[in-house]
Amino acid sequence: MKILAVETTGLIESVAVYDNGNITEINHEVKSHSAHLLKAIDKVLKKSCVKLEDLDYLAASTGPGSFIGTRIGLSTLQGLSLALNIPLVGAATLDALAENIWDSDLDLKKINYICPLILSKDENVYAAVYIIKNNKLKRVSKYQYVSINEFLKTFRKDKIPGCIAFLGETKGFENYIIGIFGEKAFILRDKYLPRAHNIALLAYRNIKKKKVKKTVYPSPIYVRPFLAKKMD
């Protein structure tokens, strides 16, 4: 099975090709996904020696994250889906970010919660809570758009029964998190950001579980409230 995947919900544009278990990925920081995405797709296909006509599926991140970036990734792959007559699969950005926990060197038996964080422009975060069950990640909260303080109240009420791993855009909150949880908090950032290879792997799992509808395109996940200004 061959899958082309893109992750465009943040400043890092990530594209990957899944080819029967082998993954080729390209990551770079961009100011505009619309100006670079097709070039990046062409580059990763050449690097992986996979042609467009060889692809079986397409996969795109559905957010939450940048509204414009999410739409660019989805609309670009929708166009390819129509042209190639192959299905497009969506995968949530927070789910993909949480999957990075498997690449860490943490003792996962000691981790009670995994919390991916994506910073929004107004200093709130997109976040969710996951646990490990039967060697798989299970989301146990809604996708949220909250202040970091409001999000951390979840664990204060729980009296912190164990250790918590925070992944993603945590740089501005590290001292605050450590101040609350101390040695029970593990913070993973830098390379632990949303990446296309995890979008591809999540899509692959859903395809194998036959959760993909060929005629239905994935929709963006919006958790941030829309604000309308009253005109005088």
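Thr62 contributes an accessible area of around 10 Å² to the protein surface, as traced by a 1.4 Å probe with all chains present.
In this label model, Lys47 and Asn85 are separated by 3.1 nm, measuring between points 7 Å along each Cα→Cβ vector.
Modelled this way, with points 7 Å down the Cα-to-C-beta line, the labels at Lys121 and Met1 are 3.7 nm from one another.
What's the local net charge at Val6, with K and R +1, D and E -1, over the other residues with C-beta under 11 Å away? Spelling it out: positives minus negatives among the neighbours equals -2. Taking a sphere under 12 Å around the Cβ of Thr24 and counting the other residues whose Cβ falls inside, with K and R at +1 and D and E at -1, yields a net charge of +2.
Among the protein heavy atoms, those of Tyr57 account for about 40 Å² of accessible surface (1.4 Å probe, every chain in place).
Taking a Cβ cut-off of under 10 Å around Gly69, the surrounding Lys, Arg, Asp and Glu residues balance to a net charge of -1, with basic ones at +1 and acidic ones at -1.
Rolling a 1.4 angstrom probe over the protein heavy atoms with all chains in place gives the chain an accessible area of 55 Å² per residue. Largest mean-square fluctuation among Leu97, Leu11, Leu117, in a Gaussian network model of the chain whose springs join Cα atoms under 10 Å apart, belongs to Leu11. For the chain, the share of accessible area belonging to carbon and sulfur comes to 51 percent (1.4 Å probe, ligands and nucleic acids excluded). Our analysis of the chain gives Rg over Rh at 0.99, with the two radii drawn from alpha carbon positions and Rh computed by the Kirkwood formula. Restricting attention to the chain, close to 60% of DSSP beta bridges with both partner residues there are antiparallel. Taking 0.36 nm per residue of separation and subtracting the current Cα-Cα distance, fully stretching the chain between Leu38 and Asp56 would add 4.7 nm. Checking the cross-link pairs Lys43/Lys133; Lys43/Lys121; Lys46/Lys121 against a 32 Å limit on the alpha carbon distance flags Lys43/Lys133; Lys46/Lys121 as lying beyond it. Estimated from the Cβ-Cβ distance and a Förster radius of 25 angstrom, the FRET efficiency linking Phe67 and Tyr176 is about 0.40.
The values are calculated or read from the model by the stated rules, or taken from the named source; none is laboratory data. Source: prediction; values computed, not measured. Don't worry about glycine lacking a Cβ; one is built from the backbone with ideal geometry, like all the others, and counts go over all protein chains shown. Heavy atoms of the whole protein, side chains included, go into the accessibility calculation; ligands, DNA and RNA do not. Shrake-Rupley method; radii C 1.70, N 1.55, O 1.52, S 1.80 Å.
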